[in-house]
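Only one structure is covered here, and it is reproduced in the block below.
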Amino acid sequence: MVDISAITGAITALKSANDIAQAMVGLRDAAAFQSKLIEFQNKIIEANASAFAAQDERAELLRKIADLDKQVEKLTAEKRKFDRYQLKDFGGNSFAYELKASEANGEPIHRACATCFQDERISILQFSHQSEGQDWYTCPRCKEPQHFGAHVRRESYRSHHSDF
Ligand SMILES: [Zn+2]
């Protein structure tokens, strides 16, 4: 955390130096004048030191701004990547993210794992096989098997297929 007290310190010291200079104008006594002059010079040195500290604070602030700019740029690019996908129901409340056709840019339309997507990772699902009316996919990242489409129970599947 940057504190910006140095510039306040410089201003305060300069104000004091100004007050001392005003007081010096009316002084006739050489010894009193000399004493005020030393006081004045000390305040100028103090203001100078504060100005240097303020310069350092400014440089640190500029560095932090540059860092934040970079972070914003990175997050914006990251967000753009996720905006290319939309959540889709593939039947029977089975969800995955799908690449929008308008964002494909030559890539084939594919599905991305909804679980990984919530973890801010885009993991392309790979088709595995079909079973009980569903398309089975696997996620290479979280290894979670994903079933899409309405599930047809084996029992009802059997009743319709007497050869089971
Ligand atoms: Zn996953």
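Take the residues of the stretch 83-119 that are of a type in the set (D, E, K, R) and assigned to a loop (DSSP other than H, G, I, E, B): which is nearest to the chain's Cα centre (by Cα)?
Looking at the filtered set, the residue picked out is 119.
State the number of residues belonging to the stretch 107-117 that are farther than 10 Å from residue 139 by Cα and within 9 Å of the ligand (Cβ to nearest atom).
The qualifying residues number 1.
Of everything in the stretch 42-94, what is open to solvent by 80 Å² or more (accessible area, probe 1.4 Å) and in contact with a Lys or Arg (Cβ under 7 Å, 6 or more places away or on another chain)? Give them in sequence order.
Scanning the stretch 42-94 gives a single hit, 86.
Can residue 39 be described as surrounded by 12 or more Cβ atoms within 10 Å (Cβ to Cβ) and acidic (Asp, Glu)?
Yes: the conditions hold for residue 39.
Residue 117: in contact with a Phe, Trp or Tyr (Cβ under 7 Å, 6 or more places away or on another chain), open to solvent by less than 100 Å² (accessible area, probe 1.4 Å), within 21 Å of residue 91 (Cα to Cα) and modelled with pLDDT of 95 or more, yes or no?
yes
Select from the stretch 120-156 the residues that are basic (Lys, Arg) and surrounded by 13 or more Cβ atoms within 10 Å (Cβ to Cβ) and write down the one among them that is nearest to residue 79 (Cα to Cα).
Among those residues, the one meeting the criterion is 121.
The values are calculated or read from the model by the stated rules, or taken from the named source; none is laboratory data. Computed from a prediction, not measured in an experiment: that's the story for all the values here. All Cβ positions, even for glycine, are placed from backbone atoms using ideal geometry, and neighbour counts span all protein chains on display. Just the protein is used for accessible areas: all its heavy atoms, side chains included, with ligands, DNA and RNA removed. Shrake-Rupley method; radii C 1.70, N 1.55, O 1.52, S 1.80 Å.
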